[in-house]
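The structure appears right after this line, and notes come after that.
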Amino acid sequence: MAEDKGRILELIKRVLFTDFVKGLTVTLGYNVSKSITHKYPDEEKWVPYRRFRGVHTLNRTETGKELCVACELCSKACPTQCITVIPMEDDTGRGIADRVAKVWKVDLVRCLYCGYCEDACPTRAVRLSREYELACTDLSCTVRQREELLKPVQVPESFEGGVIAKSEFLRSKRGIKVKVDLSITRKRPL
Amino acid sequence: MPDTSTIIEFILIIVKAGAIAMVLFGLPLPLTWLERKIAGHIQVRLGPYRVGPHGLLQPFADMIKLLMKEDIVPYKADKLLFVIAPLLAMVPAFAVFAAIPFGEKVTIPGLDYELTLYLSDMNVGILYILAMSGLGIYGIILGGWASNSKYSLLGGLRSSAQMISYEIAVSFAVIGVVMLANSLSLLDIVRAQGGNILHWNILYLPVGPVWFFIFIIGSTAEINRIPFDLPEDEGTLAAGFHTEYSGMKFAFFMLAEYIAMVTVSVLAVILFFGGWNAPFYIPLPIPPIFWFLAKVSFFIYLFMWIRFTLPRYRYDQLMNIGWKILLPLSLVNVLATGLMRLYF
């Protein structure tokens, strides 16, 4: 008897299209819900957490002296040998010691962003920043030189990260760039 | 020498036909945008967003792309049929609109001239529409046949089998409506549903809703939309009958498909939802065409909504539904409607 009752109930459900209506309600709910798409690069950009390993940056002290002493430990530690360091003597006070880097370049095509250079650095000069936009139209931009890496990064070390920040999409002759505004952020929706 | 009123009448008909054709040619542009937007939002995405504000110019970009594309005719394809097939699919879709009414007479303010919102009031309008929309299938079959590709051929075959099994159920559903209205003319069918929502065919209990569901299921199969889009089943047949088509020929197939969707929405509104009649009395001067367009847009939305909700049926399931459920159900329903007409 109970089985018959279940069967009849099943039939009534089928005739009234209950499953179909249930499915339609689910999709309608999604239709009116807010989209989770990041509007990258026009309006929003993901700012990663501090632990993120992006393009290298060479740091300075608070007084503006270069921290790098050209000890070449980073290039020795590098598993892909993508870092080239050539030291030179300098007593004008450019660095914290009188040995500074004449050349410090990294080949981003070979780099695997493992962070060993960061660990090997005795003066915490090499850090992996949170910059991850590496696309370009020729190979010239894949090698980053010391001068470029010494410039301050877009997202400072002190910034917490892990948020979506408001951004601006900039086109110029030199290429495209996405500028973030760290004061306007929102959490990632789940 | 015919008198001036005949000439004016003649010119008006040409102008109206031209206007309808222009609207129909333009209609797929907003509809493709809408479909992609709805797809996006149902999948919690945004849909087209970058070309113009909210992606509004995306259809124009697509159109330019289709126009510029290389027009490929496959080696060993039947050239003549291959070229004719998209036209055969498209022309009947347009021809259907010769019989579709959009409203009663309206008086143009200022000119004091009465304008009818339909091209012709055929006394067998619904029959003409069924016949014409059935012709559109030839384009699909021939397109599948001429392409010299197994996927296209299977798509065309499926299309014809599907048409045969579902056209019958749809025709029976239409017979039910004709029995209720005592006329084959679409204008009379709408007039018979005049008044408030209780007079609409969908609420002619208990047979009205059954007719409606038979009609909507059957016509979903006829216009090849999910869950019955087996002729272009991308999971198993690449793209079905239009696998080998590109450029403008492909666009013609898409055009025919979107117009067929509009036709079915319009028919559902006219046959079951009271056409341009207001659902209840509102003491405001709302033009009847507003109600008509609102109802049609709802049905268009419904078709897109269903498309991104349901999975596709298997081919044997499709045949089972057509022959074993819809056909017997519609026969029983014809009997029930007849008895109700006799005794109530």
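Every number here is computed from the coordinates shown, using simple stated rules; none is lab data. Keep in mind that this is a model prediction, so the values were computed, not measured. Reconstructed Cβ throughout: ideal geometry from the backbone, glycine too, with neighbour counts over all protein chains shown.
Worth pointing out:
- C-alpha long axis of helix A:2-15 to longest principal axis of chain A, angle in °: 70 degrees
- Note on the stretch B:55-182: Lys pairs 8 or more places apart or on different chains, Cα atoms under 25 Å apart, count 5.
- Using a Förster distance of 30 Å, the FRET efficiency for A:ARG94-A:ILE36 (Cβ separation, nearest 0.05): 0.05
- Electrostatic bookkeeping for A:GLN154 treats Lys and Arg as +1 and Asp and Glu as -1; over the other residues with beta carbon under 11 Å from its beta carbon, the sum is +2.
- Taken one residue at a time, the phi angles of the stretch B:271-279 give Karplus couplings (6.51, -1.76, 1.60, θ = phi - 60°) of 6, 10, 10, x, x, 9, 6, 6, x Hz. Gly and Pro are set to x.
- For chain A, the convex hull spanned by the alpha carbon atoms encloses 214 Å³ per residue.
- In order through the stretch A:180-186: 3J(HN,Hα) via Karplus (6.51 cos²θ - 1.76 cosθ + 1.60), integer Hz, x for Gly, Pro: 9, 10, 6, 7, 10, 9, 9
- Cross-link partners for A:LYS45 among the lysines, with Cα-Cα distance under 24 Å and sequence neighbours closer than 8 places in the same chain left out: A:LYS34, A:LYS151, A:LYS166, A:LYS173, A:LYS177, A:LYS179, A:LYS187, B:LYS37.
- Note that the protein assembly as shown shows a convex hull volume over its alpha carbon atoms of 275 Å³ per residue.
- Linear extension gain, A:LEU9 paired with A:THR137, 0.36 nm per residue minus alpha-carbon span: 39.6 nm
- Order by protection proxy (mean Cβ within 10 Å, highest first), peptides A:79-88, B:133-142: B:133-142, A:79-88
- As a calculated quantity, the FRET efficiency between A:LYS173 and A:LYS151 at R0 = 22 Å, using C-beta atoms, amounts to about 0.70.
- Computed on the stretch B:1-68, with alpha-carbon pairs under 8 angstrom and 6+ residues apart, the relative contact order is 19 percent.
- Counting every C-alpha pair in the stretch B:200-271, the share spaced more than 17 angstrom apart comes to 53%.
- Site pair B:MET22 and B:SER297 shows an inter-label distance of 2.1 nm when each label is modelled 7 Å from Cα along Cα→Cβ.
- Residues in the stretch B:229-236 carry Karplus couplings, in order, of 8, 5, x, 10, 4, 5, x, 10 Hz; the curve used is 6.51 cos²θ - 1.76 cosθ + 1.60 with θ = phi - 60°, and Gly or Pro positions show x.
- Under 13 Å, Cβ to Cβ, from A:ARG50 - net charge with Lys/Arg +1 and Asp/Glu -1: +1
- Extension gain, B:LYS76-B:LEU56: 0.36 nm per intervening residue step, less the Cα-Cα distance, totals 3.2 nm.
- Distance-filtered residues of the stretch A:18-41 - backbone nitrogen under 14 Å, label point 7 angstrom along B:GLN43 Cα→Cβ: A:31, A:36-37
- Computed over neighbours whose Cβ is under 11 Å from that of B:GLY47, the net charge equals +3, Lys and Arg +1, Asp and Glu -1.
- Our compactness index for the stretch B:49-148, the C-alpha radius of gyration over the empirical 2.2 N^0.38 Å, is 1.58.
- For the peptides A:20-28, A:8-16, the ranking by packing is A:20-28, A:8-16, with the highest mean count of neighbouring Cβ atoms within 10 Å listed first.
- Interchain or long-range residues, amide H under 5 Å from A:HIS56's placed H: A:SER129
- Convex hull volume per residue for the stretch B:1-68, taking Cα atoms only, in Å³: 112 Å³
- Selection from B:LEU293, A:TYR132, B:VAL334, by position along the positive dipole direction of the protein assembly as shown (Cβ): A:TYR132
- Extreme residue, positive dipole direction of chain A, given options A:VAL26, A:CYS82, A:ALA165 (C-beta unit charges): A:VAL26
- Rough spin-label spacing in nm, given labels placed 7 Å along Cα→Cβ, for B:LEU198 and B:PHE290: 2.5 nm
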